[in-house]
Amino acid sequence: MQVMKTLFISSKIKPHSPKLGGVLAWFIWFISVAFVDFQFFLQISSGVMVDKLMTSFSMSAFGAGILASIYYYIYVLLQTPAGALMDRFGPRFLLTVGGFVCTFGCFLFGFAKMLWIAQVGRLFMGAGSAFAFVGSMYLVREWFPKNRFAFMVGVTETLGLITTIFGMIFMAVLIHQFGWRVFMWGSGILGLVLSFACWKYIKDKPTQTNDQIYEPSDHIPFKKRIMTILRTPLSWFNGIYCGLMFGIISVFGSLWSIPFIIETTHCSLTVATAATTMILVGAAIATPIIGYITGNYGKRRLILVSFGLLSTLVFMIILLVPLSIVSLFILLFLLGIGCSSYALNFAIAEEIAPSYAKSTSIGFTNALCVISAPLFQPLVGFLLESSSKSNGIHLAEYQIALSILPIMTLIAAWIATKLPEKGWIAKNENEFDSDSVLES
């Protein structure tokens, strides 16, 4: 049977490969990034629609929070299994399936008349989206030169951050104009188009045709792919650093920055929102730059440590020093640059894993990255409520609650000293190839 499968695969391999990093590579990568941006849209959509959803389903703010968080919980839960499946089947098949699952979730959500149906729709959206980022990283690994991996991760993150910046404005206009249900139906149609594009145009590797979905490592047990990563301490250090640094965006930038800025500077909501986007702008500019630097010149640990310390220092100044709005804009931009080092963790995840578990490793890292939101967003809220007095939440309460963020980035800087420089895996891959990873 194995001989027949080998003959089946080899019969579909073309005698020559397209150029790595060529036009075809960029085209295939662009399709996958369109899916990544689409899942960013789905992530932030509930925040834009929250008021209308509360009215449509007669639910409280707590219920709206549960509805929004369902996406994140299933997304985080499926990241590592999605990576293992990606290592087994490749991105073409799984991105197509993930797109159809997202499409089904969008339509189910859009047609929902009862809250539990909307929750199931949100669940399907999160489940389908779990394949987007790991699939895109798989294609980067196969279609681009190795020294471009960190740079391409940075470019992918930049596009995602830009989508976040402009997506909320774009969605708000559409939802105001046509209603949230029409918006979700339109999202379902877009997901359908992306699914067909993934199936028609994506090729897993430069040397294979669209008909091939088997991987050379398909004999590796699913359990081994996952346990290889879970039982590697370096994978945990790498993912925790990623989550601690990304917390600047997912915890502060996406939830608590606007009320803090308004309380600190007494500016308008529009100005506070504009100031918050400076975090995203800083990260969007810095991620591809540091990816290019580390991919070509090394010095990765130096960047990881120094950016962790930079984020700590800048955040302490923002918390403790009275600032003008102009100074705050500049410091938030620097904060975005500082936290951008989280993108390097995906390059580390790719390097430290054996060939049969690279997407598994990236999925695991992404899970620990994204989980910072559901873990630390409510923790900051709890600290705010615990420290506040009867007359409301003021600057002192924000200083206490948000102090966990510079502590997080300081811990990240220490963890960075444990992370490897570029090329570490070339000397240590034998540590992961042993079956001992499955032993107790």
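Quick check, is GLY253 crowded, with 21+ Cβ neighbours inside 10 Å, closer than 21 Å to MET137 by Cα, of a type in the set (Gly, Ala, Ser) and at pLDDT below 90?
No, not satisfied.
Would you call ILE289 surrounded by fewer than 22 Cβ atoms within 10 Å (Cβ to Cβ) and over 19 Å from the mean Cα position of the chain (by Cα)?
no
If you check SER341, SER311, which single one turns out to be within 19 Å of the chain's Cα centre (by Cα) and either under 22 Å from TYR72 (Cβ atoms) or buried (at least 22 other Cβ atoms within 10 Å of the Cβ) (or both)?
Numbers: SER311 fails: within 19 Å of the chain's Cα centre (by Cα).
Exactly one residue qualifies, and that residue is SER341.
What about ILE117, is it under 20 Å from the mean Cα position of the chain (by Cα), surrounded by fewer than 23 Cβ atoms within 10 Å (Cβ to Cβ) and of a type outside the set (Lys, Arg)? Step through it out loud before you land on a result.
Details: under 20 Å from the mean Cα position of the chain (by Cα): no; surrounded by fewer than 23 Cβ atoms within 10 Å (Cβ to Cβ): yes; of a type outside the set (Lys, Arg): yes.
So ILE117 does not fit the description; no.
Identify the single condition in (1) in contact with a helix residue (DSSP H, G or I) (Cβ under 8 Å, 6 or more places away or on another chain); (2) touching a residue at least 60 places away in the same chain (Cβ under 8 Å) that THR207 does not satisfy, given that it satisfies every other one.
If we test THR207 against (1) in contact with a helix residue (DSSP H, G or I) (Cβ under 8 Å, 6 or more places away or on another chain); (2) touching a residue at least 60 places away in the same chain (Cβ under 8 Å), just (1) comes out false.
Within segment 392-410, take every residue that is in contact (Cβ under 8 Å) with a residue 12 or more places away in the chain, of a type outside the set (A, V, I, L, M, F, W, C) and surrounded by fewer than 20 Cβ atoms within 10 Å (Cβ to Cβ) and give me the one that is farthest from THR312 (Cα to Cα).
It comes out as HIS394.
So, PHE62, is that one farther than 27 Å from VAL134 by Cα and either at pLDDT below 80 or in contact with a Phe, Trp or Tyr (Cβ under 7 Å, 6 or more places away or on another chain) (or both) or not? Quick ask: steps written out before the conclusion?
Working: farther than 27 Å from VAL134 by Cα: yes; either at pLDDT below 80 or in contact with a Phe, Trp or Tyr (Cβ under 7 Å, 6 or more places away or on another chain) (or both): yes.
Answer is yes for this residue.
Which of the residues belonging to segment 372-391 are surrounded by 18 or more Cβ atoms within 10 Å (Cβ to Cβ) and small (Gly, Ala, Ser)?
Passing the criteria: SER372, ALA373.
Quick grid of which residues meet (1) in contact with a Ser or Thr (Cβ under 9 Å, 6 or more places away or on another chain); (2) surrounded by 20 or more Cβ atoms within 10 Å (Cβ to Cβ):
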{"position": "LEU42", "(1), (2)": "yes, yes"}
{"position": "ASP51", "(1), (2)": "no, no"}
{"position": "VAL76", "(1), (2)": "no, yes"}
{"position": "ALA82", "(1), (2)": "yes, yes"}
{"position": "ASP87", "(1), (2)": "yes, yes"}
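List the helices (runs of 4 or more DSSP H) inside segment 68-161, counting only whole elements, that have at least 1 residues being acidic (Asp, Glu).
Helices (runs of 4 or more DSSP H) meeting the threshold: 132-143.
Say we look at segment 292-305 and pick out the residues that are under 16 Å from ALA416 (Cβ atoms) and either surrounded by 16 or more Cβ atoms within 10 Å (Cβ to Cβ) or in contact with a Gly (Cβ under 9 Å, 6 or more places away or on another chain) (or both); which of these is modelled with the lowest pLDDT?
Going residue by residue through segment 292-305, those that are under 16 Å from ALA416 (Cβ atoms) are 293-294, 298-305.
If we keep only those that are either surrounded by 16 or more Cβ atoms within 10 Å (Cβ to Cβ) or in contact with a Gly (Cβ under 9 Å, 6 or more places away or on another chain) (or both) too, we end up with 293-294, 298, 300-301, 303-305.
On the way: ILE293: 90, THR294: 87, GLY298: 78, ARG300: 90, ARG301: 92, ILE303: 95, LEU304: 96, VAL305: 96.
That would be GLY298.
If you go through segment 2-23 one residue at a time, do you hit one that is exposed (fewer than 12 other Cβ atoms within 10 Å of the Cβ), part of a helix (DSSP H, G or I), modelled with pLDDT of 50 or more and among the β-branched types (Val, Ile, Thr)?
Looking for residues that are exposed (fewer than 12 other Cβ atoms within 10 Å of the Cβ), part of a helix (DSSP H, G or I), modelled with pLDDT of 50 or more and among the β-branched types (Val, Ile, Thr), one finds at least one in segment 2-23, hence yes.
Count, please, the residues in segment 216-269 that happen to be under 25 Å from ALA347 (Cα atoms), more than 22 Å from the chain's Cα centre (by Cα) and of a type in the set (Phe, Trp, Tyr).
1
It is to be established whether one or more residues within segment 315-329 are under 18 Å from TRP414 (Cβ atoms), out of contact with any Asp or Glu (no Cβ under 6 Å at 6 or more places or on another chain) and either among the aliphatic types (A, V, I, L, M) or in a helix (DSSP H, G or I) (or both). Spell out the reasoning first.
So in segment 315-329, the residues under 18 Å from TRP414 (Cβ atoms) come out as 315-316.
Cutting the leftovers down to out of contact with any Asp or Glu (no Cβ under 6 Å at 6 or more places or on another chain) gives us 315-316.
Within this subset, residues satisfying the condition of being either among the aliphatic types (A, V, I, L, M) or in a helix (DSSP H, G or I) (or both) are 315-316.
So far as segment 315-329 goes, yes, one or more of its residues are under 18 Å from TRP414 (Cβ atoms), out of contact with any Asp or Glu (no Cβ under 6 Å at 6 or more places or on another chain) and either among the aliphatic types (A, V, I, L, M) or in a helix (DSSP H, G or I) (or both).
Looking at segment 232-310, what helices (runs of 4 or more DSSP H) fall wholly within it and have at least 3 residues that are assigned by TED's automatic domain parsing to the domain that holds ILE44 and touching a residue at least 40 places away in the same chain (Cβ under 8 Å)?
none
The values are calculated or read from the model by the stated rules, or taken from the named source; none is laboratory data. It should be emphasised that the depicted structure is a prediction, and the values quoted were computed from it without experimental measurement. Don't worry about glycine lacking a Cβ; one is built from the backbone with ideal geometry, like all the others, and counts go over all protein chains shown.
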